[in-house]
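A short write-up of the structure that comes next.
We did not get these values from a lab; they are worked out from the coordinates using the rules stated. What you are looking at is a predicted structure, and each value in this text was computed from that prediction instead of being measured. Reconstructed Cβ throughout: ideal geometry from the backbone, glycine too, with neighbour counts over all protein chains shown.
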Amino acid sequence: MAAKKKAPAKKAAAKKAAANKAPAKKAAAKKKAPAKKAPAKKTAAKKAPAKKVAAKKSAKQIPFVDYLVLGDRPYLRAQECKNCGARFFDRRNACASCFGTDFKNARVKSAGIVTSYSIVTVGPQPFVSAIVDCGGTSVRCTLVGVEPTPDHVSLGMKVKLTTYSMGKDAAGVEAIGFGFAPA
């Protein structure tokens, strides 16, 4: 007997589901119907011909890191703790120095001195990884435009911020990275 009672319940549920789907199909059909357009009015005045503008191809560029600000004079932007002045390049919920929670954007100086470096020879191309002091803000970076040898890199070396292309994607958008070059 229990099996017979379940069958009518299944049929009722199926009918209810079908009833719910029917209005949705009708609504979708109404949305797909093209709207009738009013006939265009004819006017006696003619439109002025469009001015020809030289096609200027503007390349879309995006910074490789969020804290690199592009423009005529690119610069780095840090998050500065309003309580103690500590600076960070990534988003923070709290300051690692004082546990403060209020931050403001701060422009980092674009010139500095090398305080630490390492010549990395792993991989196909040797390069110089460095820490640069930019007016009290430490920046981890790659030194560019310098031979990766101890004869060409030194502690206290003056450097300045520079940008370079890291490549383009299929849509032609160019990723821009930063480094520091000898000043």
Fully extended contour minus Cα-Cα distance, from Leu155 to Asn93, at 0.36 nm per residue:
18.9 nm
Of Lys104/Lys160; Lys82/Lys104; Lys82/Lys160, which pairs sit farther than 18 Å apart, going by alpha carbon to alpha carbon?
Lys104/Lys160; Lys82/Lys160
With a ≥ b ≥ c the root eigenvalues of the C-alpha gyration tensor of region 71-157, is it rounded (a/c under 1.5), prolate (a/b larger than b/c) or oblate?
prolate
Listed highest first by mean packing, meaning other Cβ atoms within 10 Å per residue, what order do 127-133, 160-166, 100-106 come in?
127-133, 160-166, 100-106
